[in-house]
Amino acid sequence: MNTVGDYLKSGAIDIAPLLSLVLGKSNTELYVQNDYTLNDKQQQQLTNFIQQREQGVPFAYLSGKKGFYHLDFKVTKDTLIPRPETELLIDITLDLLNKNQKYQVLDLGTGSGIIAVTLADINPRWKVSATDFSQAALNIAKINATTNINFTQGNWFDAVTNETFDFIVSNPPYIEENDAYLTDLTYEPQTALVSGEDGLNDIRIIINDAPKHLNKGGYLLLEHGYNQQQQITKLLNKAFHNVKAFKDYNGNDRAVLAQIK
């Protein structure tokens, strides 16, 4: 194989996107120019990418980027790959908060920064802060930032010890230890995925500590697993009210919003 057409017929995983990545050509250009012959360097790079995809390396880690909401984000193996389900958190936030009002917003466990960066980009009037225990992840988030965001390294609220906010949002680890689903996620940082036997260890910490960091009438918004909404609602009932549950665009329970009492 040495032409675009040869590779397109090969049936290799994600072959068209991989060709686009190596050649810098759009999907349309690939099919229009399917007689284009790859040089030795291009063939070597493509073969390497094909082998990595066959081994299960996600395409986003090969391309180094992933789209989320209206932006493209740099991603590395130090960060989770953004998922469309998390866009629900952006929609909930934008529906809740007045775009003309100033808010103190905190994104806990920001990873590549998708939530903090997206919210700050859409509404620069909001003062957005973001934390993560991983300095490597924060370095990527800083690269992704399009506006001024206060990034701080630390485990959950340890990074913002004496600060309070109007709105706290988080997509924390929530997968159970030994969950079979993890076999499909071996290339992503496990510490950003797994949270104890029931997947709720980190969510318990956030719910327990959030009241000390919320201003009067403030809100907490959490992403969670499809089977955790009822347990999380019970955890919230002690210090929060006006609890609202949300389903993602696939119809699965995915997020909970609650207001401090």
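The values are calculated or read from the model by the stated rules, or taken from the named source; none is laboratory data. What you see is a predicted model, and the numbers here were worked out from it, not measured in a lab. Please note: Cβ atoms are built from the backbone with ideal geometry, for glycine as well, and neighbour counts cover all protein chains shown.
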- Report whether or not Lys77 is surrounded by 18 or more Cβ atoms within 10 Å (Cβ to Cβ) and basic (Lys, Arg). no
- Query: Hey, any hits in segment 171-193 for a residue that's of a type in the set (Gly, Ala, Ser), touching a Leu at 6+ places or on another chain (Cβ under 9 Å), at pLDDT 95 or above and surrounded by 19 or more Cβ atoms within 10 Å (Cβ to Cβ)?
  - Reply: no
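Can you confirm whether Phe151 is within 16 Å of Ile206 (Cα to Cα) and not charged (D, E, K, R)? Working first, answer last.
Working: within 16 Å of Ile206 (Cα to Cα): no; not charged (D, E, K, R): yes.
Here the answer is no, as Phe151 does not meet what is asked.
If a residue has to be of a type in the set (Lys, Arg) and within 21 Å of Gly251 (Cα to Cα) to count, how many in segment 51-92 make the cut? First the steps, then the outcome.
Filtering segment 51-92 down to residues of a type in the set (Lys, Arg) leaves 53, 65-66, 74, 77, 83.
Next, from what is left, pick out any that are within 21 Å of Gly251 (Cα to Cα): 83.
The number of residues fulfilling the criteria is 1.
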- If you go through segment 26-46 one residue at a time, how many are surrounded by 15 or more Cβ atoms within 10 Å (Cβ to Cβ) and either of a type outside the set (D, E, K, R) or closer than 29 Å to Ala116 by Cβ (or both)? 8
- Message: Which count do you get for residues in segment 160-207 that are over 22 Å from Leu106 (Cα atoms) and in a helix (DSSP H, G or I)?
- Response: 6
- Looking for whichever is more than 19 Å from Leu88 (Cβ to Cβ) and either touching an Asp or Glu at 6+ places or on another chain (Cβ under 8 Å) or assigned to a helix (DSSP H, G or I) (or both) here; the options are Lys212, Lys216. Which one fits? Lys212
- Task: Please enumerate the residues belonging to segment 33-85 that are farther than 15 Å from Ile143 by Cβ, touching a strand residue (DSSP E or B) at 6+ places or on another chain (Cβ under 7 Å) and aromatic (Phe, Trp, Tyr).
- Result: Tyr36
- Item | Checking Leu23 against (1) loosely packed, with under 15 Cβ neighbours inside 10 Å; (2) outside the structural domain of Tyr174 (by TED's automatic domain parsing); (3) not acidic (Asp, Glu), the condition it does not meet | (1)
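Going through Ile140, Ile92, Ile115, Ile50 one at a time, which residue ends up being hydrophobic (A, V, I, L, M, F, W, C), in contact (Cβ under 8 Å) with a residue 40 or more places away in the chain, closer than 30 Å to Val22 by Cα and touching a Leu at 6+ places or on another chain (Cβ under 7 Å)?
Values: Ile140 fails: touching a Leu at 6+ places or on another chain (Cβ under 7 Å); Ile92 fails: closer than 30 Å to Val22 by Cα; Ile50 fails: in contact (Cβ under 8 Å) with a residue 40 or more places away in the chain.
Every option except Ile115 fails the conditions.
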